[in-house]
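S.K.: The following block contains the structure, expressed as C-alpha cells.
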Amino acid sequence: MADLHIFFLPFLAPGHMIPLVDLACIFARRGIKATVVTTTANVPLIQPTIDIVNAGDASLRHPIQLLPLYLPCSEVGIPEGHENLTAFPDPDASKLVAATDKLELSFSLLLQTHRPDCIVADLFYPWAIHVAKQFATSLISFHGSNCFVPTIMSILHGGELNQDEIETERPIEVPGIPSKIHLSLSQLPNFVLRPAEFQKKMRESYSRSHGIVMNSFYELERDYVDRAPNSSNRKLWFVGPVSLQNRDLDAKIVRGRGAASMDDDYFLSWLGTKTPRSVLYVCFGSLGRFTATQMREIARGLEATDRPFIWVVWHAGEPSDWLPEGFENRAISSGKGLMVQGWAPQLLILNHEAVGGFVTHCGWNSCLEAITAGVPVITWPLFADQFLNEKLLVDVHRMGIAIGAKLCSLKPEERTPVKGEQLTKAVDELMGNGEEAEERRKRARALGETARRAVEEGGSSYENMTRLIQELISLKAVGGSSEFTEAS
Ligand code: UDP
C-alpha cells in the first residue's frame, strides 16, 4: 500500500476528541500513517489511547504520533490552560472557538514541516479549508454527528420557521420524512433557529472540502442519507460506530478520561454482583450540568426505583447541598447505587451484561454507544442537537422513552425541571417486564447487532473506510490535492 500520511485535528471537547482519535486509530490499524494534532493541555487526555494502540497492535505499520500546539488562551480572555470545553462552567463553545481560531498559523507551520497528504479536521475548524488549500492537501471534514440532524434542520429551514414562536412548546410535525416526528421550536438549538456567522463558515468549509466523514452507519439512517442537504454533490462516508472498531483494545483504552473517582476494576466488580440487565446507567455526557433542585429530583427518582444504578455526576460543591438528606446512606452506602463524581468508563459500563437501561442526554456519541451496546434508553436531551438525536432513538428506532424535556438550553436554570416521579416512572417502564418493554429491548439488541455487522469486514462502514482510503491514495497519486468545488 502506498504510504499515506493523514493529520487528524479534533475539536477540544471529549465528544469531539474521542471519536476523532478513535478514527485516527482505525486508519493507523489499516496501514495509514496517522498524526493527531492537539493543544498542550489536551495531550494527557489523548496520549494514553495512542500508547495503548501503539503497544497493543503488533501489526501497526506506523506508530500513531501526537503533536502539540500552543493555544493562546489569554489572547481571547480565557484563563491559561482552559483548553477543553469541560473546563468552562457552561458548555458555550464560543470562547474556546475564538481561541482555536488562533491555531491556524501554528497548524500551517506543522503542515509545512510534515507535509501530510490529507487533513481530517473537525467541522469546528472552518479555517482548515484555507490551510488545506495553501498546501494543496485534501481536506476531509469530520462530522461527529449523523445525517438525520442536518436533514431535519434543512427541512425546518426550508419551511416557515416563525421566529416569534421560538419559545413555544407547541409540537409541529416535520413534513416529508418517513417517520412521524413532532418537535416544538423550543426544542431546537439556536443554530437551527438563527444560523450564526460561525455556522455559515462551517457550512462553507465543509462544502469546499473533499467530503465528509460521519460517525454513523448507513443502516441506521438509510431513509435519511439521500435527504441530507448536499447529499447529491458531496462525498459522504459513513464509517461508524468508530468506538466499536478498537474494541479488541478497548478494555485498556482510557478514552478522553478526566479525573476518575473510581478505577475500572471497581465498576466491573460492582457490576459483577448484579443480575443481568438489572442496572440503570445514568450519565449526561461530559458537559451536562443541572441546578441543585434538578439534582435532588434525579436523586429522588433513582432512590424510588427498585433498580440498582450508576449515576455519573458533574456537580460542583458539597453533595449535601444538592442531595436529599440521607440519600447517601440509603441509596449509596447500602450498595444499591454507585455515584461517580467525575469520569466513568462509559463503554465498559454500557457493554456489561448487568446493564439494562441508560438515561442519556442524547449526545451523539452516547446515542451510538447505547445503540452498539444494544441498551434501551431514557432520553433526557439538554441542548445542541440532542433533541433531534432523541427523535432518532425514540421515534425512528423505537428503542427509548422520552423523559419529556421541552426546552433546549445551555443554561440549566432555563430548562423545565423534570420531577423525580417522572424519572421513576420512565425507569419502571423501560426496565419492567411488560410486552412493550420486551419489544423495545429486542429492537435495541437487533440494532446493536446491525452496528457490529457494519464495522466487520464486508460491512457497510468497513467497506466505506476501504473506499475512502483508496480514494485518498488515488488523490495522492494525481498530485495530492483534491478538487475544491465552490460553496454550493
Ligand atoms: N464519557 C465517558 N465517561 C463520562 C462521560 C462521558 O466515557 O463520564 C464519554 C462518552 O462515552 C462519550 C463522550 O464521553 O464517548 C461524550 O460524548 P457525547 O457526544 O455523548 O456527549 P457530550 O459530552 O459531547 O455532550
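S.K.: If a residue has to be away from the ligand (no atom under 16 Å from the Cβ) and under 22 Å from Leu430 (Cβ atoms) to count, how many in the stretch 308-326 make the cut?
M.R.: 1
S.K.: If you don't mind, there's one more thing I want to ask. If I filter the stretch 338-379 down to residues being part of a strand (DSSP E or B) and in contact with a Gly (Cβ under 7 Å, 6 or more places away or on another chain), which single residue comes out as nearest to Gly285 (Cα to Cα)?
M.R.: So the first thing to find is which residues in the stretch 338-379 are part of a strand (DSSP E or B), and the list is 338-341, 343, 355-360, 377-379.
Narrowing the set further to residues that are in contact with a Gly (Cβ under 7 Å, 6 or more places away or on another chain) leaves 343, 377-379.
Details: Trp343: 9, Val377: 14, Ile378: 14, Thr379: 12 Å.
Once the filter is applied, the top-ranked residue is Trp343.
S.K.: Restricting attention to the stretch 294-307, does a residue exist that is within 13 Å of the ligand (Cβ to nearest atom), within 30 Å of Asp22 (Cβ to Cβ) and surrounded by 16 or more Cβ atoms within 10 Å (Cβ to Cβ)?
M.R.: No: the stretch 294-307 contains no residue that is within 13 Å of the ligand (Cβ to nearest atom), within 30 Å of Asp22 (Cβ to Cβ) and surrounded by 16 or more Cβ atoms within 10 Å (Cβ to Cβ).
S.K.: So, Arg415, is that one away from the ligand (no atom under 16 Å from the Cβ) and of a type outside the set (Phe, Trp, Tyr) or not?
M.R.: Against the criterion (away from the ligand (no atom under 16 Å from the Cβ) and of a type outside the set (Phe, Trp, Tyr)), Arg415 does not qualify.
S.K.: Filter the stretch 345-372 for residues that are closer than 15 Å to Val312 by Cβ, of a type in the set (A, V, I, L, M) and within 11 Å of the ligand (Cβ to nearest atom); which is surrounded by the fewest Cβ atoms within 10 Å (Cβ to Cβ)?
M.R.: Checking each candidate, the answer is Leu348.
S.K.: Separate question: Condition test on Gly342, is it within 27 Å of the chain's Cα centre (by Cα), buried (at least 16 other Cβ atoms within 10 Å of the Cβ) and at positive phi?
M.R.: no
S.K.: Which residue pairs have Cβ atoms closer than 7 Å, lie 6 or more positions apart in sequence or on different chains, and pair a first residue in the stretch 29-49 that is assigned to a loop (DSSP other than H, G, I, E, B) with a second residue that is among the charged types (D, E, K, R) and surrounded by fewer than 22 Cβ atoms within 10 Å (Cβ to Cβ)?
M.R.: Pairs found: Gly31/Arg61.
S.K.: Of the conditions (1) modelled with pLDDT under 90; (2) within 16 Å of the ligand (Cβ to nearest atom); (3) not aromatic (Phe, Trp, Tyr), Lys95 clears all except one; give me its number.
M.R.: (2)
S.K.: Looking at the stretch 128-149, which of its residues are out of contact with any strand residue (DSSP E or B) (no Cβ under 6 Å at 6 or more places or on another chain), aliphatic (A, V, I, L, M) and within 19 Å of Leu4 (Cα to Cα)?
M.R.: Once the filter is applied, which keeps residues that are out of contact with any strand residue (DSSP E or B) (no Cβ under 6 Å at 6 or more places or on another chain), aliphatic (A, V, I, L, M) and within 19 Å of Leu4 (Cα to Cα), the stretch 128-149 yields Val131, Ala136.
S.K.: Let me ask something else about it. Name the pairs whose Cβ atoms lie under 9 Å apart, with the first residue in the stretch 199-217 and within 19 Å of Gly459 (Cα to Cα), the second crowded, with 24+ Cβ neighbours inside 10 Å and of a type in the set (D, E, K, R), and 6 or more positions between them or separate chains?
M.R.: Asn215/Asp22
S.K.: Starting from the stretch 331-348, take each residue that is farther than 13 Å from Phe267 by Cβ and list its partners that are within 16 Å of the ligand (Cβ to nearest atom) and small (Gly, Ala, Ser), counting only C-beta distances under 7 angstrom and pairs at least six apart or across chains.
M.R.: As it stands, the answer is Ala331/Gly337; Gln341/Ser261, since those pairs meet every condition given.
The values are calculated or read from the model by the stated rules, or taken from the named source; none is laboratory data. If you're wondering where the values come from, they're calculated on a predicted model, not measured in any experiment. With ideal geometry, Cβ positions are generated from the backbone for all residues, glycine too; neighbour counts draw on all protein chains shown.
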